[in-house]
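All remarks here apply to the structure that follows.
The values are calculated or read from the model by the stated rules, or taken from the named source; none is laboratory data. This is a predicted model, so every value here is computed, not measured. As a convention, Cβ positions derive from the backbone with ideal geometry for all residues, glycine included, and neighbour counts pool all protein chains shown.
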Amino acid sequence: MRLGPAPHVRIAVVDGDLVVFDIEQDDYLAVPRSDATEVVNALYGQAYRREDAVLTELVEQRLIMSRSADWEQHPRRRPADLPKARSAAPRFRNIMAFVRAALGTYVALRRHDTGWAKMPEPRGSPANPSPDELACLVAQFESWRIFVPRTGRCLVQSMMLIRFLTCLNITTEWVFGVRTHPFEAHCWVERETLILNDAADHAQWFTVIARF
């Protein structure tokens, strides 16, 4: 029987350790490699003991279930850093996009709706900014964000940045990564091959568990 994550779950194997990300509950579960062997074997389609206690618990909690397709780990890829931003006068459209992004993020957090799997979609024709133009937009965003309280966490920053760029019809990808020993979860925003709100060297410390 093939096993894989439930629709509301994402999984990553980090050097043998198992990390389970429950999207609906906004919760992570880390299982050390000493207890995760049978689960990892099941995920990779190898022989496993069905009576394994950890595997049984994950199935009973509906975090892992039978599925028709093989589960695959997100491939490792190294995004590039943005070029250094050139100074440019902010456009009124950009300022309004930031205001809408800040308000939308505030409302979502007040409702406890992180909504990473259902972020707003661009309403107009997709924009295709150059790396230099994108760097300028992100720099403007950061210069305004520091005046908004409680936006230091990576999750809030990423949510607001995605909303900001979406208002400008720029599509992005929200990336979640994990590491173990000690356990840490992190997220950032990418567009194509560029990482927008983190350094590529820092992001490489994390194994990608989800992309939205």
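Assorted remarks:
- Here Pro131 fits the description: within 20 Å of Arg191 (Cβ to Cβ) and touching a Pro at 6+ places or on another chain (Cβ under 6 Å).
- Of the residues making up segment 131-169, those that are more than 21 Å from the chain's Cα centre (by Cα) and free of Cβ contacts under 8 Å to residues at least 12 places away in the same chain are Glu133, Ser143, Ile146, Phe147, Pro149.
- Residues in segment 49-72 that are in contact with a helix residue (DSSP H, G or I) (Cβ under 9 Å, 6 or more places away or on another chain) and β-branched (Val, Ile, Thr) were compared, and the one that is surrounded by the most Cβ atoms within 10 Å (Cβ to Cβ) is Ile64.
- Out of Leu168, Leu155, Leu103, Leu109, sole residue that is hydrophobic (A, V, I, L, M, F, W, C), surrounded by fewer than 21 Cβ atoms within 10 Å (Cβ to Cβ) and within 27 Å of Val13 (Cα to Cα): Leu155
- Close contacts from segment 27-56, counting a first residue that is of a type in the set (S, T, N, Q) and a second that is assigned to a loop (DSSP other than H, G, I, E, B), with Cβ to Cβ under 7 Å and a gap of 6+ residues or different chains, come to Asn41/Ala47; Asn41/Tyr48.
- The strands (runs of 3 or more DSSP E) located wholly in segment 141-212 that include 1 or more residues which are touching a Leu at 6+ places or on another chain (Cβ under 6 Å) and not assigned by TED's automatic domain parsing to the domain that holds Phe21 occupy 184-191.
- In summary, Met160 fulfils each of the numbered conditions (1) within 18 Å of Leu137 (Cβ to Cβ); (2) surrounded by fewer than 23 Cβ atoms within 10 Å (Cβ to Cβ) with the single exception of condition (2).
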